[in-house]
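One structure below.
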Amino acid sequence: MEKSGRRVRKNSAFLSEFLSASTSKRKQLALLRRSTTSQLCTVCEIVKNLLHNPTLNLKLDERQLRALKSRRAKLRKLADRRTSHDEKRRILQSGRGVLLPLLASIAAPLIARLFGVN
C-alpha cells in the first residue's frame, strides 16, 4: 500500500484533473490518450483497491452497484497485472464512456479522504 500511496501522491495532479473532468467524456478520453504509464497504473491501482480492499467502507447506491456488477469483467482486467498497458488504456477508453464517470464518482471520496481534503 505504501508504494501505491506514493504513486497516487505523485500523480495527484493528474487524478484531480481526471476527477474534475468526470462530467466531460471528451476531456477524460483526451486525458487518457496522453497519460503516461504511471498515470494509467494509478487509475488501475484505484480500481484494484475498489475491488479487493474490504476496509474502504464504501457506501454505494443501488445504481452504482448495478453498474459495477455489469462491468465486473472489465474491472477485473484493469486490476490484473498480466493485462498490458495498451489493453488497459483501450478498456478505459471503450464502453460508451460509462466506465470512467462511474469510477470517478466512486473514487473521488476515497482520494479526497487519502489526501485529507474535506
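Here are some notes:
- Extension gain (nm, one decimal) between D80 and K10, 0.36 nm per residue minus Cα-Cα: 23.0 nm
- Total lysine pairs under 14 Å (Cα atoms) in the chain, excluding pairs fewer than 8 apart on one chain: 7
- In this calculation the C-beta distance from S24 to S70 is compared with R0 = 22 Å, giving a FRET efficiency of 0.45.
- For the chain, the dipole from Cβ point charges (+1 on Lys and Arg, -1 on Asp and Glu) about the Cα centre works out to 340 debye, to the nearest 20.
- Mean Kyte hydropathy of 0.5 or more with a Cα span along the axis of at least 20 Å, helices from DSSP in the chain: 37-52, 99-115
- Between R90 and K59, full extension at 0.36 nm per residue minus the direct alpha carbon distance yields a gain of 8.3 nm.
- Within the stretch 5-69: Cβ-based charge dipole about Cα centre, in debye rounded to nearest 20 (Lys, Arg +1; Asp, Glu -1): 200 debye
- Using bins of 5 Å that start at zero, the share of Cα-Cα pairs per bin across the chain amounts to 2, 11, 23, 27, 23, 12, 2, 0, in whole %.
- Protection proxy ranking, peptides 50-58, 70-78, 10-18, 37-45, average beta carbon neighbours within 10 Å, highest first: 37-45, 10-18, 70-78, 50-58
- 222 nm mean residue ellipticity, helices alone, for the chain (DSSP H n ≥ 4; -39,500 (n - 2.57); rounded to 500): -22000 deg cm²/dmol
Laboratory data are not the source of any read-out in this text; all were calculated from the coordinates shown. What you see is a predicted model; the values in this text were computed from it and never measured. Every residue, glycine among them, receives a Cβ derived from its backbone with ideal geometry; neighbour counts consider all protein chains shown.
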